[in-house]
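Q: Shown below is the structure under consideration.
What follows is calculated from the coordinates using simple rules that are stated; it is not laboratory data. Computed from a predicted model, the values in this text were never measured in an experiment. Glycine also receives a Cβ, built like all others from the backbone with ideal geometry; neighbour counts cover every protein chain displayed.
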Amino acid sequence: MKRILLSALLVVLLGASMSCSTDPAVHGDRSASLNALFMRLQSTQDDEEAHLIEVTIRRVWAQSGRQGVDTLMKRAAEAVHGGRTDEALELCNQVVATAPDYVEGWNLRATIHYLRDEYGEAVADIERVLALEPRHFGALAGLGRIMLELEDKKAALQAFDAALAINPHLADVRKESDELREQLAGIPI
């Protein structure tokens, strides 16, 4: 399960275009674009279109607009991919110190903590991700997986359901949610 989450994250981080302006006018355009993408993600019934929208959202999130931060993120993703989580964590620490408003810096650091079985730290970073971008369905799905590791099925189900409310096309998350709902049948949530 961890490897699936990691693979999806790395595809986004390594494949995304990382050139976004920090100009406030462009930031406003970016927010408007994200809003439109999320509305379309909610309304589409086409799985292929939903996948393309999801990839586009993740690419927007991946754009820091700062060359130094982008370089650190690329190096951190490469370190994670190479199994060098100590190095990756140090790089992500630099990212969040340099760009505390950059959602994906926190998200990658949460993933690294998760891979290191540092669930408390991962949850703290996910909370920061969600404070910056409450619609971060990937962070919510990750939170659900952490709650499963901590054997808190009710919290896991709540996190999965929150992710699905934002992105109803997350098939793996829907499957996990359905399985948990079955396991918790008759137990008040």
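Q: Among the residues of segment 98-121, is any in contact (Cβ under 8 Å) with a residue 60 or more places away in the chain, within 30 Å of ASP29 (Cα to Cα) and of a type in the set (A, V, I, L, M, F, W, C)?
A: Yes: one or more hits.
Residue-by-condition table, conditions (1) under 25 Å from VAL80 (Cα atoms); (2) surrounded by fewer than 17 Cβ atoms within 10 Å (Cβ to Cβ):
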{"position": "ASP117", "(1), (2)": "yes, yes"}
{"position": "ASP125", "(1), (2)": "yes, no"}
{"position": "GLY138", "(1), (2)": "yes, no"}
{"position": "LEU148", "(1), (2)": "yes, no"}
{"position": "LYS153", "(1), (2)": "no, no"}
{"position": "GLN158", "(1), (2)": "no, no"}
{"position": "ALA165", "(1), (2)": "no, yes"}
{"position": "ARG174", "(1), (2)": "no, yes"}
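Q: Determine which member of the set ALA97, ALA141 is in contact with a helix residue (DSSP H, G or I) (Cβ under 8 Å, 6 or more places away or on another chain) and not charged (D, E, K, R).
A: Testing whether each residue is in contact with a helix residue (DSSP H, G or I) (Cβ under 8 Å, 6 or more places away or on another chain) and not charged (D, E, K, R) leaves just ALA141.
Q: I'd like the full set of residues that are charged (D, E, K, R), outside any helix (DSSP H, G or I) and more than 11 Å from the chain's Cα centre (by Cα), limited to segment 108-154.
A: ARG116, ASP117, GLU118, GLU151, ASP152
Q: Would you point out which residue out of LEU89, LEU157 is in contact with a Ser or Thr (Cβ under 7 Å, 6 or more places away or on another chain) and assigned to a helix (DSSP H, G or I)?
A: Answer to the check: LEU157.
Q: With the structure loaded, tell me whether ALA36 is surrounded by fewer than 18 Cβ atoms within 10 Å (Cβ to Cβ) and either free of Cβ contacts under 8 Å to residues at least 60 places away in the same chain or assigned to a helix (DSSP H, G or I) (or both) or whether it fails that test.
A: Criteria met by ALA36.
Q: Within segment 34-86, which residues are aliphatic (A, V, I, L, M) and touching a Pro at 6+ places or on another chain (Cβ under 9 Å)?
A: Those that are aliphatic (A, V, I, L, M) and touching a Pro at 6+ places or on another chain (Cβ under 9 Å): LEU41, ALA50.
Q: Can you name every residue in segment 131-151 that is aliphatic (A, V, I, L, M) and without any contact (Cβ under 8 Å) to a residue 12 or more places away in the chain?
A: ALA131
Q: Moving on to the next point. Looking only at segment 84-126, how many residues end up being of a type in the set (Gly, Ala, Ser) and over 20 Å from ILE146 (Cα atoms)?
A: 2
Q: If a residue must be over 28 Å from LEU37 (Cα atoms) and surrounded by fewer than 21 Cβ atoms within 10 Å (Cβ to Cβ), how many such residues does segment 53-88 contain?
A: Residues that pass the stated criteria total 10.
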